[in-house]
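First up is the structure itself, then whatever we jot down about it.
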Ligand SMILES: [Fe+2]
């Protein structure tokens, strides 16, 4: 596979990092200034489909910058031309459908930090690619930081070889509590009715089971979902045999509405979780959103989050198989 392409020019962005020889994110720009219109971009993507997909896997993240992408309709055309099948979002974030394959990224309060995660990591089928579009860049904060997942595994294995081995062998168990009806005052306030697409409890149970969860109903009308055993790390084909940190221990451990422990009920030591949180932050890559940016990332390889932001901020999302 040729690592250059005449239809794109490689650019740079503030905050990019070189990880194991690969620039993250790989910034792709119009080859000449008069090729920055949407039509030219769509043509370039169409003519270089396979190459473009390879770049996403090789660099884990590709940022299209300098193109005239204005709104959800334009973004949807970009998503469609790539030709990857849509995957429906299942998870705690309250989201609003905008246009065809395009959704808001998270309706929760901008003041909250959305912790690093692989998209839909706890669901049986998770997206291979997540595509984000920045319609309104935040005036301050609001970055979408991301982390090469294998780096987290490497460091954790270095610092906590025994703990990692034990958790790996036993597997993980998570619980998560969802309210009844959506509560947009919380970024994890997605009600179970919306999460499972039904108001019928029996049907919700059936759908939860199909996604690999057990459920318990709560006196307040909410639901507790129990997931496990789940993996600590995962290796995906074509990703250099890298062990991805494919779990959500830091995000769910010891929280009011969630928990993470070993599948046999053993607690994960607090200091291990704390240090893991630091490692994730240390390995993170930040860039500043610019209007019209489109970011593609390999959801198998990266954890991503959202920093607190001043309003306004509008970032839209599409998820693909
Ligand atoms: Fe996400």
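The table below lists the values:
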| read-out | value |
| --- | --- |
| Strands (runs of 3 or more DSSP E) contained in region 69-134 and holding at least 3 residues within 14 Å of the ligand (Cβ to nearest atom) | 114-117 |
| Residue satisfying all of: in region 22-48; over 15 Å from residue 6 (Cβ atoms) and within 23 Å of the chain's Cα centre (by Cα); surrounded by the most Cβ atoms within 10 Å (Cβ to Cβ) among these | 25 |
| So residue 305, is it within 15 Å of the ligand (Cβ to nearest atom) and either surrounded by fewer than 21 Cβ atoms within 10 Å (Cβ to Cβ) or in a loop (DSSP other than H, G, I, E, B) (or both) | yes |
| Filtered residue count, region 286-299, keeping only those that are assigned to a loop (DSSP other than H, G, I, E, B) and either more than 14 Å from the ligand (Cβ to nearest atom) or without any contact (Cβ under 8 Å) to a residue 60 or more places away in the chain (or both) | 8 |
| 3 or more residues within 26 Å of residue 300 (Cβ to Cβ) and within 21 Å of the chain's Cα centre (by Cα): qualifying helices (runs of 4 or more DSSP H) within region 157-260 | 249-252 |
| Looking only at region 135-156, and only at residues there that are part of a strand (DSSP E or B) and within 17 Å of residue 25 (Cβ to Cβ), the one that is farthest from the ligand (Cβ to nearest atom) | 148 |
| Selection within region 261-285 - part of a loop (DSSP other than H, G, I, E, B) and within 16 Å of the ligand (Cβ to nearest atom) | 284 |
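Every number here is computed from the coordinates shown, using simple stated rules; none is lab data. Only a predicted model underlies this, so the values are computations on that prediction, with no experimental measurement involved. Positions of Cβ are backbone-derived with ideal geometry, glycine not excepted, and every protein chain shown enters the neighbour counts.
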